[in-house]
Amino acid sequence: MKKLVVIFVIFFFLVFSLGNLNTNELNDIAFVYGLGIDKAKDGYQVSLQIIDPHPLNYPTDKPSVIVFEGKARSLGKAIELVSKKASRKVTLSQVKIVLISEQLVKEQGINAVLNYLLRKSGLSSMVDVLVTKDIEAFNALRVFSIIEDVPTSEILKTVINTEKNWGSHQRVFPTQLKAEILSRGKEAIIPTLDISGKLKTAEKKKNVEQLAPKSYLQLSGLTVLREDKKVGWLNDKLSRVYYLIKGKLKRSYFTSPCSKHEEYGLTIVKAKTNIKGSVVDGIPFFNIRTKIIGDLDDINCNLDISEPSNIKNLEKDMEKEIKKQILNLIKKSHKFQSDFIGFGDVLRINDKSEWKRIDERWKQAYLESKFDIKVRVIIRDYGDTT
């Protein structure tokens, strides 16, 4: 009995002590939610968006975050210099977003950054990576959020919402990017962030106190890489087609013209794409088969949609439009000389023997590839009005 009492007292003492220890540690830690990396004249400029916790029941006009920046030849040294500016111990364990400037990705490449993100202890390999377009990562981290309290959380939730409901952007992590850069059968692609409006306006709190903010961050297409450097950019329309052809489109919205000045819109509720590859007479050949099921949402065409034949015509028009967009996407990949769609991986899986012969010269062979594209569209629901 005495032993049980002693064990209980020791256990109670340990729990109480550890509880106080955690409280003290939290008061001494600065949590980083956003990490920005820009190209400096001689190395890197690193920015840290740090949570600035406010006491409960004490309203304040202070922002919920603060941004520090530092410059150095290496990322580790730059982060160390930033840490010296904070009154608390800086930790990267809670980083949600990594923003990398377009200039850095274009001129210097992303490989060194990915190596640091994957090697740094305490930093999760499942952080979201985005490229900032026409704005430095440092400046993007200083833009006030419109809905969420923490700007980084707003960026992350916007990506997640877009992936789920629109399909033009999906989450990308360092491990995925590194694998695609090392692969010979597919190049990498990264979601892009830019600013709508003026940066000076977006950096002021007054901007978000209006019913219609004049400036804000927004997702803007996809950055295309060749090896680890930027070679091009896809707009939102082609970004949706990219995820469609990759078979990753969960839900989206496509439009198609039905006359010179009229169009209709289809909400995609289910989409599936199959790609088969082979080598015919030394030339890579790919069959692309896409099936889409959607609901008719918006129609400005002068049609009686109660007639089945008119619905069939709308399906045919949408099939032609989506096939056209798939061809445009492939032309873009040829223009950028970047197989970001991953046809090389398809060939490696479908025809291993031919892939071994063509592997070393795939970049040139891809530019000579031929494609057979077929699209099937089914309009599931078209409403009650005629």
Check on Val159, modelled with pLDDT of 90 or more, assigned to a helix (DSSP H, G or I) and among the β-branched types (Val, Ile, Thr): yes
Residues of the range 297-326 that turn out to be touching a strand residue (DSSP E or B) at 6+ places or on another chain (Cβ under 7 Å), assigned to a helix (DSSP H, G or I) and not β-branched (Val, Ile, Thr), as a count: 7
Matching option when the condition is in a helix (DSSP H, G or I) and at pLDDT below 95, among Lys214, Lys186, Lys248, Lys206: Lys206
Count - residues of the range 249-264 that are more than 17 Å from Ile293 (Cβ to Cβ) and of a type outside the set (Lys, Arg): 6
The range 327-339 - residue that is open to solvent by less than 10 Å² (accessible area, probe 1.4 Å) and in contact with a Leu (Cβ under 8 Å, 6 or more places away or on another chain) and, of those, farthest from Ser239 (Cα to Cα): Ser338
Filter result for Lys324 (farther than 16 Å from Tyr243 by Cα and basic (Lys, Arg)): no
Flag for Ile181 being more than 14 Å from the chain's Cα centre (by Cα) and part of a loop (DSSP other than H, G, I, E, B): no
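Yes or no, residue by residue, for (1) open to solvent by 50 Å² or more (accessible area, probe 1.4 Å); (2) at negative phi; (3) not polar (S, T, N, Q):
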site: Ile190; (1), (2), (3): no, yes, yes
site: Ala202; (1), (2), (3): no, yes, yes
site: Lys206; (1), (2), (3): yes, yes, yes
site: Gln210; (1), (2), (3): yes, yes, no
site: Pro213; (1), (2), (3): no, yes, yes
site: Gln218; (1), (2), (3): yes, yes, no
site: Glu227; (1), (2), (3): yes, no, yes
site: Ile245; (1), (2), (3): no, yes, yes
Considering residues of the range 285-306 that are open to solvent by less than 90 Å² (accessible area, probe 1.4 Å) and of a type in the set (D, E, K, R) only, the residue nearest to Leu266 (Cα to Cα): Asp295
The range 33-49: number of residues that are open to solvent by 10 Å² or more (accessible area, probe 1.4 Å) and closer than 18 Å to Ile66 by Cα: 2
For Val279: the one exception among (1) open to solvent by 60 Å² or more (accessible area, probe 1.4 Å); (2) under 17 Å from Ile349 (Cα atoms): (1)
Any hit, the range 144-154, residues being among the hydrophobic types (A, V, I, L, M, F, W, C), modelled with pLDDT under 95, buried (at least 20 other Cβ atoms within 10 Å of the Cβ) and not in a helix (DSSP H, G or I): yes
Search result, residues across the range 62-111 that are open to solvent by 30 Å² or more (accessible area, probe 1.4 Å) and assigned to a helix (DSSP H, G or I): Gly76, Lys77, Glu80, Leu81, Ser83, Glu102, Gln103, Lys106, Glu107, Asn111
Unmet requirement for Phe285, which otherwise passes all of (1) in contact with a Ser or Thr (Cβ under 6 Å, 6 or more places away or on another chain); (2) modelled with pLDDT under 90; (3) under 24 Å from Phe371 (Cβ atoms): (2)
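Looking at Leu114, Leu118, can you tell me which residue is part of a helix (DSSP H, G or I) and in contact with a Lys or Arg (Cβ under 6 Å, 6 or more places away or on another chain)?
Going through Leu114, Leu118 in turn, just one is part of a helix (DSSP H, G or I) and in contact with a Lys or Arg (Cβ under 6 Å, 6 or more places away or on another chain): Leu114.
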Hey, Val172 of a type in the set (Val, Ile, Thr), open to solvent by less than 70 Å² (accessible area, probe 1.4 Å) and part of a loop (DSSP other than H, G, I, E, B) or not: yes
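The values are calculated or read from the model by the stated rules, or taken from the named source; none is laboratory data. Nothing here was measured: the structure is a model prediction, and the numbers come from that model. Counting neighbours? That spans all protein chains shown, and the Cβs are built from the backbone with ideal geometry, glycine included. Calculation scope for accessible area: heavy atoms of the full protein, side chains included, ligands and nucleic acids excluded. Shrake-Rupley method; radii C 1.70, N 1.55, O 1.52, S 1.80 Å.
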